[in-house]
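This report refers to the structure that appears directly beneath it.
The values are calculated or read from the model by the stated rules, or taken from the named source; none is laboratory data. Remember, predicted model here, so these are calculated numbers, not experimental data. All Cβ positions, even for glycine, are placed from backbone atoms using ideal geometry, and neighbour counts span all protein chains on display.
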Amino acid sequence: MTDVRSATSLLEELNCGRPAWSLLADFPEQDKGDAEIGNAAVHDATAAMQKLVDVPEVERTRSLPVNWVKPLQEARLFGLTTPESRGGRGLSPYNAYRVICAIAQHSVPPAVSIAVHTGFGASAYLPLLPEGPLRDAVTAADAAQVISGDADTEPTGAANRRRMTTARLDEQGTHYVLDGHKVYIQNAPVAGLLRVSATIVGGEENGRVGLFFVPTDLPGITVGEPHKFVGLRGVPNAPLSFAAVQVPREFRFVIDSALSTEQEWRLQDQLNDVSVRARMYAIAAPAAALTALCQEITREFLRDRRVDGADLSAYSEIQSIVALNAADMMAQESVARWCLLSPGDPAHVRREQMAAKNITSVTCWRVVERTMSLLAAHGLETDEGLTLRGLPGHGLERIWRDARMLRISGGVDFFVDHFYAMSTVFGPWYEGSVPNQPGVSPETAPPEGLSERNEQHWAEVSERSAWFADRCRTLVAAHPRRVDLEKRQDLTIAAGRFSSELLAAALVLGQAATSASEEHQLAADVYCTAASTRMTGLAHELSHRHDTEAAAALSRIALAGE
């Protein structure tokens, strides 16, 4: 297997016009022993969820069962990656992903809670904490499965770099005093420990962002009524208020680089590594689960169903829907395997993990939309309506709502595309790490293990990669100041999506080449054919001048109600 510790990032190479098949040739696979451990954990998690959560009841009441946390702690589901020496399951990242997928196939809200605790919770920062009181407290909380999460978003909006919540040292210099409000905080109703962001007031660090681990039982913390979302009914998410909350000075998490609001402090390497890995659990895993559920619903719907004397599954458009959904499911699997099974330093796949949020959630949305259309041809009813007619429910309405939530969780999809493009696609060009002149791909050897059709798809990926690099070079030259390109969100969003499409197509081909499965070869062919169409549209957006003035003018008129 390729040692990615000494290899260049696959995504970076694709963005720079240097597609490297050598990075894909030994696509990561889970070893047998780890897979068996994961199988047992998935079995236990599924049994616990089936016993605990009555999905129709959760949908009706919009809340999880009373005292739902304890049974999941007893099953060590809030200790998926906690070492066995501390009482956890000690699962690998990919097995933790698999368990969260399995839980989400039964019910997404508890899966999200577990995913947020696993990925964004205090224990995710343990490798970064020096010896001392804070590390000791987080270690103890991890061993006790104290639920945790990230309290960052504020009423002014998550995209703002500055935080209106403030933190000032008291006169004795022993505690930071926190004041402010947070909204949309996952796990807030059940958390015992939260990582809180706040703007430092006073002293040499005045105006910079500070990060604090805050026990939720401190005086002055108020948890508001849970937010009621369109989907994810019952998910533990609520606003928080801090009124003169005294946090021990040692509970401030200080990283190497000062967190200045003049720059995007959340992209500081150590913070970003935690954040993008966490979204593999909180977004990619539930998205894959919903995609799998749609395939199950489709199979059941098409079984023995006939139209004009022919099996419905024999019609070409129905076959196209089924095939596209299967191909999209493979794409989600390929992304997860690459991001969580690649050997070496996990930071090496940081860029791919950043892209994975939108790849997996938007892919899930495509699958759900196709499945909705398929069932709607028969009459799209709620489960309640089907039950009243004596028919079994299928849960598609719930899946549709939950899938839509995943597209905005962790950032609205179009803004994530913009954010990703400015940091990952265009960032290296502005930072001078990409040559000003077109480069030559470092390899010419053809890929092995691909069907003839998929060899053609890889050739197209290579051609589009070279074109994309040249287009990025042109756009940066036309916008020498980074801030000017940042204002052209039509271009940045299209670039972010094009880059993600390149990555997903490459990963699908990589998995197909390693697998001896005909199904994977066919799925890669179907996926890359559809991705090619999407990239053609995105290339048009990146190549043709947009009349942004007309859009701005019409927007002003529309907003004025004229």
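Residue 314 falls short of the stated requirement of being under 22 Å from residue 534 (Cβ atoms) and among the hydrophobic types (A, V, I, L, M, F, W, C). Condition test on residue 397, is it buried (at least 18 other Cβ atoms within 10 Å of the Cβ), part of a loop (DSSP other than H, G, I, E, B), free of Cβ contacts under 8 Å to residues at least 24 places away in the same chain and not assigned by TED's automatic domain parsing to the domain that holds residue 99? So residue 397 fails the test.
Scanning segment 340-347 turns up at least one residue that is surrounded by 18 or more Cβ atoms within 10 Å (Cβ to Cβ), out of contact with any Asp or Glu (no Cβ under 9 Å at 6 or more places or on another chain) and touching a residue at least 12 places away in the same chain (Cβ under 8 Å). If you go through segment 117-150 and keep only what is surrounded by 18 or more Cβ atoms within 10 Å (Cβ to Cβ), among the small types (Gly, Ala, Ser) and assigned to a loop (DSSP other than H, G, I, E, B), you end up with just 121.
Could you list, in sequence order, the residues of segment 343-393 that are among the polar types (S, T, N, Q) and within 24 Å of residue 413 (Cβ to Cβ)? Selection gives 353, 358, 360, 361, 363, 371, 373. Screening 191, 167, 198 for residues that are under 25 Å from residue 126 (Cα atoms), at pLDDT 90 or above and assigned to a loop (DSSP other than H, G, I, E, B) leaves exactly one candidate, 191. For residue 233, the conditions (1) closer than 27 Å to residue 73 by Cα; (2) of a type in the set (D, E, K, R); (3) more than 26 Å from the chain's Cα centre (by Cα) all hold with the exception of (3). Could we say that residue 278 is on the phi < 0 side of the Ramachandran plot, outside any loop (DSSP other than H, G, I, E, B) and modelled with pLDDT of 95 or more here? No: the conditions fail for residue 278. Under the condition of being of a type outside the set (A, V, I, L, M, F, W, C) and within 22 Å of residue 280 (Cα to Cα), the residues counted in segment 59-98 number 15. Within segment 74-86, if we keep just the residues that are part of a helix (DSSP H, G or I) and under 24 Å from the mean Cα position of the chain (by Cα), the residue that is nearest to residue 384 (Cα to Cα) turns out to be 77. State which residue is farthest from the chain's Cα centre (by Cα) when the search covers only segment 340-392 and only residues that are among the hydroxyl-bearing types (Ser, Thr, Tyr) and under 17 Å from residue 322 (Cβ atoms). Selected residue: 373. The set of residues in segment 385-413 being of a type in the set (Gly, Ala, Ser), modelled with pLDDT of 85 or more and under 17 Å from residue 106 (Cβ atoms) consists of 395, 403. Contact map, segment 504-529: first residue of a type in the set (Lys, Arg), second residue part of a helix (DSSP H, G or I) and buried (at least 19 other Cβ atoms within 10 Å of the Cβ), Cβ cut-off under 9 Å, separation 6 or more or different chains; the map is empty. When we screen 509, 542, 559 for residues that are hydrophobic (A, V, I, L, M, F, W, C) and either under 24 Å from the mean Cα position of the chain (by Cα) or assigned by TED's automatic domain parsing to the domain that holds residue 323 (or both), the only hit is 509. So, in segment 53-73, how many residues would count as being assigned to a helix (DSSP H, G or I) and in contact (Cβ under 8 Å) with a residue 24 or more places away in the chain? Residues flagged as assigned to a helix (DSSP H, G or I) and in contact (Cβ under 8 Å) with a residue 24 or more places away in the chain within segment 53-73 amount to 8. Considering only residues in segment 184-230 that are surrounded by fewer than 21 Cβ atoms within 10 Å (Cβ to Cβ) and charged (D, E, K, R), the one that is nearest to residue 58 (Cα to Cα) turns out to be 228. Please go through segment 43-56 and pick out each residue that is surrounded by fewer than 19 Cβ atoms within 10 Å (Cβ to Cβ) and under 25 Å from the mean Cα position of the chain (by Cα). Within segment 43-56, 43, 44, 46 qualify. For segment 88-98, the count of residues that are part of a helix (DSSP H, G or I), more than 19 Å from the chain's Cα centre (by Cα) and not assigned by TED's automatic domain parsing to the domain that holds residue 276 is zero. Residues that are hydroxyl-bearing (Ser, Thr, Tyr), assigned to a helix (DSSP H, G or I) and more than 27 Å from residue 157 (Cβ to Cβ) occur at least once in segment 362-373. One residue stands out among those in segment 365-385 that are of a type in the set (A, V, I, L, M) and in contact (Cβ under 8 Å) with a residue 12 or more places away in the chain: the one that is surrounded by the most Cβ atoms within 10 Å (Cβ to Cβ), which is 367. Within segment 278-301, the set of residues being among the basic types (Lys, Arg) and surrounded by fewer than 23 Cβ atoms within 10 Å (Cβ to Cβ) comprises just one member, 299. Suppose we keep only residues that are within 28 Å of residue 235 (Cα to Cα) and in a loop (DSSP other than H, G, I, E, B) within segment 170-188. Which one would you say is farthest from the chain's Cα centre (by Cα)? Across segment 170-188, the extreme among qualifying residues is 188.
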